[in-house]
Amino acid sequence: MNDAKPGNLRPPALRVEDLRVGYSNGASAVTALEIDRLSVPGGALLAVTGPSGSGKSTLLYAIGGLLKPRRGRVLWGERDLLGESETARDRWRRHTVGFAFQDFHLLAELSPLQNVLLPASFERFAAPRAVRERAHALLDRLEVPQARASTSGLSRGEQQRVAIARALLFDPPVILADEPTASLDAKSGAVVIDILMQLSTRDGRTVIAVSHDQALLKRFASTVALDHGRMSGPEWRAAS
Amino acid sequence: MAGRVMNPFLVVRATIVRHRGTYLLFTLLVAVATAIGVAITTQEAALRIGSARAADKFDLMVAAPGSETDIVLAAIYLRPGTVPLLDPSMVGKVLAEPRAKISAPLGFGDNIRGSPIVGTVPAFADYLSGGLSEGRVFAAEGEAVAGAAAGVAMGETFRPDHGRNPFLDAGIGRVQHPQTLTVVGRMKPTGTPWDNSVIVPIEFVWRVHGLPTGHAENESRIGPPFDAARVPGVPAIVVKPETVNAAYGLRNLYRTPLSMAFFPAEALVRLYEVLGDIRELMGWLALATQGLVVVAMLAGVMAILTLHRRQFAVLRALGAPRLYIFLCVWTQIAVIAVIGALIGLLLGAGVAVFVSQMITRATGIVLPAQIGPDEWLLVGGMIAFGLIVATIPAFVSYRRSVIQSLTAQ
């Protein structure tokens, strides 16, 4: 795989400072996330865990630049994400961050290849040949059967692999995954965990996964635990 | 990003395929609403043009005082109905009018197999059809010229039935005249009710009804000049004046206590005003229908968009700019509006042609149902309206918070 060149990706380090995310709950304002300081080195493999409603998905979307916190800073390298315009953040996200979700969010009416090429349609009318070839290569690497008109016939594990290929289309140095194994059986979950770990340990990407899947938590190098928006950790350890 | 090209069609296609039943219904709603508007305007225009064409050859009408509309219906559109007869003294004067190129009395009252038999002068038969398609104009009392679509054959000799209705079940009140007619010519198609008529010398009509024939007893020739002392009353006289000035002069001249004179074109304009009011009313109804359809469609699209909130949020997470989301929503509705309106145009034109053919079959008036500027304007308006209205849900989606949609279960 030609994108497995850690040196070229150089994922920026992530620093979160004094982050407060809140939402209005009828009359009162509720603080969903309260993080004083979080540092994640480039190329790290980090799991974020915690019970439902603990704010772990909110943290993921905050560092992905998808929500506006009440205050605080999210720094990717020297880049202050929250100081940028929404348009600039969209572009940064497209090329820097690959997202994967619990429910994959594929367009079932499109083929696996078209799903992977979807992000290309955000900035071009037709995907250039090099991008198409890359999409094919990604699907090959993730062992997804390609000769299909739609993704609805794929297994759930295969669908998640299509979603990961889609996240990798622009070769982003950062992968953010929201419960990537929660709707998979143990066997396909293990394959997805392998892929996510490879993206970090082999390709050199920063991979941050929100999860409460013990299989994933056991194998990721470090874990941050959230409870009621407050953080404990991270505990760094060697990836298994 | 300025100058960035996006391609929302992947998402649009997937969405339309997923909700194809709903989108098909929306498209059909738009099509039907557009078709109603197109059919109304097309049909009204066709009716106006067709009826005006039918009155083309009837420059000035002189008749007994009464309803101009009744005369127009009876003389131009050959509708059965009784009109008062013009006083014989006036008939004599008008038929002898020197400023008229043609002064043609019209006499009704008989039919052959449902085709009305109309008595007049040879010159009018020729003028009406602009030359015959076969044979010649009648030259004797027992001769007839058939309209292009009249159900009699060239050379056929028949006895006319009295009255305006065909007596299909023979024997029940059927009265046949003893005199016979022979078809000696056929007119070219005129696209008017006269295509179904059989035109005969006015003298024949007078004679079979026991009236004086406009000539001396022993005289057998037909056509002008007539003996003013020997003409009976007639329902109407068509006058083709020599000049425009003469037309107005003659109209004034024959507005007398015993007669009225009018231009059928003017009478039709008054009819069209009524027709126009009806059209306006129907136009508003059609517009209201279209408005309702758009509102219904919008409500439906909004409902679908609620289902898609997460999908759009996911697209944003994958790096789609807000404009991309806007375009996805807008394109979906635009596709419905454009396809629906174009189908509606075809559907409306089809309905108009169908209705026109039915009217032609019933009245003989050829109605040219055509898609004109009015119809394009209507369809263009529907599309433009759809494209503008489409910005509302598009903007709503554009503004929607990504994170709320992503975390909402």
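The values are calculated or read from the model by the stated rules, or taken from the named source; none is laboratory data. Quick caveat: nothing in here was measured; it's all calculated off a predicted structure. Neighbour counts run over all protein chains shown; Cβ positions are idealised from the backbone, glycine included. Each accessible area value is taken on the protein alone, full model and side chains, heavy atoms only, with ligands, DNA and RNA left out. Shrake-Rupley method; radii C 1.70, N 1.55, O 1.52, S 1.80 Å.
With respect to residue B:10, determine if the residue is within 14 Å of another protein chain (Cβ to nearest Cβ), open to solvent by 20 Å² or more (accessible area, probe 1.4 Å), out of contact with any His (no Cβ under 7 Å at 6 or more places or on another chain) and modelled with pLDDT of 85 or more.
Numbers: within 14 Å of another protein chain (Cβ to nearest Cβ): yes; open to solvent by 20 Å² or more (accessible area, probe 1.4 Å): yes; out of contact with any His (no Cβ under 7 Å at 6 or more places or on another chain): yes; modelled with pLDDT of 85 or more: yes.
Yes: the conditions hold for residue B:10.
Please tell me if residue B:45 is modelled with pLDDT under 90, surrounded by 17 or more Cβ atoms within 10 Å (Cβ to Cβ) and away from chain A (no Cβ under 14 Å). Please lay out each step first, then the result.
Numbers: modelled with pLDDT under 90: yes; surrounded by 17 or more Cβ atoms within 10 Å (Cβ to Cβ): yes; away from chain A (no Cβ under 14 Å): yes.
In short, yes.
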Selection within the range A:10-60 - in contact with a His (Cβ under 8 Å, 6 or more places away or on another chain) and under 30 Å from residue A:202 (Cβ atoms): A:49, A:50
From B:282, B:297, residue being over 30 Å from residue B:94 (Cβ atoms) and open to solvent by less than 60 Å² (accessible area, probe 1.4 Å): B:297
Looking at the range A:53-60, is at least one residue within 14 Å of chain B (Cβ to nearest Cβ), open to solvent by 60 Å² or more (accessible area, probe 1.4 Å), within 20 Å of residue A:211 (Cβ to Cβ) and not hydrophobic (A, V, I, L, M, F, W, C)? yes
Within the range A:127-176, of all residues that are within 14 Å of chain B (Cβ to nearest Cβ), without any contact (Cβ under 8 Å) to a residue 24 or more places away in the chain and surrounded by fewer than 16 Cβ atoms within 10 Å (Cβ to Cβ), the one nearest to residue A:117 (Cα to Cα) is A:132
Of the candidates B:67, B:133, B:115, B:89, the one satisfying the condition of being in contact with a strand residue (DSSP E or B) (Cβ under 6 Å, 6 or more places away or on another chain), at pLDDT 90 or above and open to solvent by 10 Å² or more (accessible area, probe 1.4 Å) is B:133
How about the range B:302-409: which helices (runs of 4 or more DSSP H) wholly inside it have at least 2 residues that are within 21 Å of residue A:103 (Cβ to Cβ), open to solvent by 30 Å² or more (accessible area, probe 1.4 Å) and within 14 Å of chain A (Cβ to nearest Cβ)? B:402-407
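Output the residues belonging to the range B:217-251 that are part of a helix (DSSP H, G or I) and of a type in the set (Lys, Arg). Before you say what the answer is, go through the steps one by one.
Keep residues of the range B:217-251 that are part of a helix (DSSP H, G or I), which gives B:228-230, B:244-251.
Selection gives B:230, B:251.
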Note: among A:79, A:70, A:37, just one is of a type in the set (D, E, K, R), under 18 Å from residue B:319 (Cβ atoms) and away from every other protein chain (no Cβ under 11 Å), namely A:79
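Per-residue answers, yes or no, for (1) assigned to a helix (DSSP H, G or I); (2) within 30 Å of residue B:237 (Cα to Cα); (3) over 21 Å from the mean Cα position of the chain (by Cα):
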{"site": "B:15", "(1), (2), (3)": "yes, no, yes"}
{"site": "B:22", "(1), (2), (3)": "yes, no, yes"}
{"site": "B:28", "(1), (2), (3)": "yes, no, yes"}
{"site": "B:36", "(1), (2), (3)": "yes, no, no"}
{"site": "B:57", "(1), (2), (3)": "no, yes, no"}
{"site": "B:71", "(1), (2), (3)": "yes, yes, no"}
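Report yes if some residue within the range A:85-98 is farther than 30 Å from residue A:34 by Cα, within 12 Å of chain B (Cβ to nearest Cβ) and open to solvent by 20 Å² or more (accessible area, probe 1.4 Å); otherwise report no. First the steps, then the outcome.
Taking the range A:85-98 and keeping what is farther than 30 Å from residue A:34 by Cα, we get none.
Within the range A:85-98, none of the residues are farther than 30 Å from residue A:34 by Cα, within 12 Å of chain B (Cβ to nearest Cβ) and open to solvent by 20 Å² or more (accessible area, probe 1.4 Å).
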Residues that are without any contact (Cβ under 8 Å) to a residue 60 or more places away in the chain and touching a Lys or Arg at 6+ places or on another chain (Cβ under 8 Å), drawn from the range B:215-242: B:215, B:216
Among the residues of the range B:251-294, the number that are basic (Lys, Arg) and modelled with pLDDT under 80 is 1
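Do we find that residue A:42 is at the interface with another protein chain (Cβ under 10 Å from one of its Cβ atoms) and at pLDDT 85 or above in this structure?
Judged against the criteria, residue A:42 is not a match.
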